[in-house]
Amino acid sequence: MGQLGSILPLILLVVVFYFLLIRPQRKRQQEAVQMQNSLTPGARVMTTTGLFATVVAVDNEDVILEVAPGIETRWVKAAIGRVVTPGDAPAGDDEPVEQESALDEEGKKESEATVERNGDQDSSTKQS
């Protein structure tokens, strides 16, 4: 009975590691392989490095991606991170940029005069 009591925490630790670490990781790997095997021409994808492209052709373990009109590159399927659906927004566009609404009257007049003078261009974007 004493030996079982000393081995039981070790067995319990292995079981916890399996359910918290190994099993979820294996499930994610299987989902990624399934997604990579279901790629079809015309699908918009994002690579693991963040490159957005369109699938042109699928070979055995390779995918030919069109990154710009007329520019095609060959990638391995494992480099495809996810398929991008039309409703997905690029990262960083989640929240609209808020402007300060508490401008005093003189500040408003200055900004209106700057827009008028620059021909509706912001002075920071006007080219010299």
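The values are calculated or read from the model by the stated rules, or taken from the named source; none is laboratory data. Nothing here was measured: the structure is a model prediction, and the numbers come from that model. Here the Cβ positions follow ideal geometry from the backbone for every residue, glycine too, while neighbour counts run over all protein chains shown. What goes into the accessible areas is simple: the full protein's heavy atoms, side chains included, and nothing from ligands, DNA or RNA. Shrake-Rupley method; radii C 1.70, N 1.55, O 1.52, S 1.80 Å.
In table form, for the structure just shown:
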read-out: Accessible area of the range 1-77 belonging to carbon and sulfur atoms, whole % at 1.4 Å probe; value: 63
read-out: Estimated FRET transfer efficiency (LEU4, MET35; beta-carbon r; R0 30 Å; 0.05); value: 0.10
read-out: Cα-projected label distance for VAL84 with ILE11, points at 7 Å along beta-carbon direction, nm; value: 5.2
read-out: Ranked by how many other beta carbons lie within 10 Å on average, peptides 44-54, 67-77 from highest; value: 44-54, 67-77
